[in-house]
Amino acid sequence: MSEDIVKIKGTSLGLQLSFAPDASFEDVRANLLKKLESGSTFFLRGTLVLIPRDVFRGSERDELQRLFHEHGLICRTQRPESEEEQAAKMQAEKKPQAEVKPAPPEPPAAKEELQPQEMVVINRTLRGGQEITTKSSVLVCGNVNPGAQIIAGGSIDIRGTCRGMVHAGAYGDSTAFIIADHLMPTQIRISNLIARSPDEMEKTDRAERASIKDGQIVIEPIER
């Protein structure tokens, strides 16, 4: 029975976990801890783990997230698909693929070239289509919205919610890192490594820091 308490399914985004309906939270936590400490090949450092949002209470989900963070994994909650969404997905899979015509080229996004300095400070929210490119580090006092990009030679610190694309250490600095009050980007890059977030994510209560450890991007909670 213990092997069936937690089921692991690999997806294009990461590992999707499901739990036995009659298992208590203590059983699930103990089973996960056993798998993590056994060095299971499923749970490599930097792997994204998705847990269902509607199974446990908020405090219990937070405890599972801390457990995964302690073992170097990225944990996010994911809402279950509704029956309508599941039916729409199945219907879409049955339809024949239509011919895809190439889209017309888009005009280049507004781009700000900034001169190298110790720290570039952006005192505003970056909207979709805006891009910051610099060889130094970047501090954003605002949000980074979807469609916005930051490409920095150093580290990136966002005093707000990050939902855009962020690339730290863009010129090869593998010691660079990314910090945000709410780290929910479409894509994270550090040096030559890339990590992508799932489509459905919840805000975390604590700031998080993304950095390279053991050759992978790892996200960990921090105190501001």
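The values are calculated or read from the model by the stated rules, or taken from the named source; none is laboratory data. Values in this document were obtained by computation on a predicted structure and should not be read as measured data. Cβ coordinates were reconstructed from backbone atoms using ideal geometry, including for glycine residues, and neighbour counts include every protein chain displayed. Accessible surface is based on the protein model in full, side chains and every heavy atom, while ligands, DNA and RNA are left aside. Shrake-Rupley method; radii C 1.70, N 1.55, O 1.52, S 1.80 Å.
Some observations on this one:
- Only one of the numbered conditions (1) within 22 Å of GLY215 (Cα to Cα); (2) open to solvent by less than 50 Å² (accessible area, probe 1.4 Å); (3) of a type in the set (Asp, Glu) is not met by GLU131, and that is (1).
- The range 23-42: number of residues that are over 23 Å from the mean Cα position of the chain (by Cα) and either assigned to a helix (DSSP H, G or I) or modelled with pLDDT of 85 or more (or both): 10
- Matching residues in the range 169-224 - criterion: being at pLDDT 90 or above, crowded, with 17+ Cβ neighbours inside 10 Å and among the hydroxyl-bearing types (Ser, Thr, Tyr): SER191, SER211
- Positions within the range 1-22 being surrounded by 18 or more Cβ atoms within 10 Å (Cβ to Cβ), modelled with pLDDT of 80 or more and in a loop (DSSP other than H, G, I, E, B), in sequence order: ILE5
- In the range 148-167, the qualifying residues are those that are without any contact (Cβ under 8 Å) to a residue 24 or more places away in the chain and within 13 Å of ARG127 (Cβ to Cβ), and the one that is least open to solvent (accessible area, probe 1.4 Å) is ALA148.
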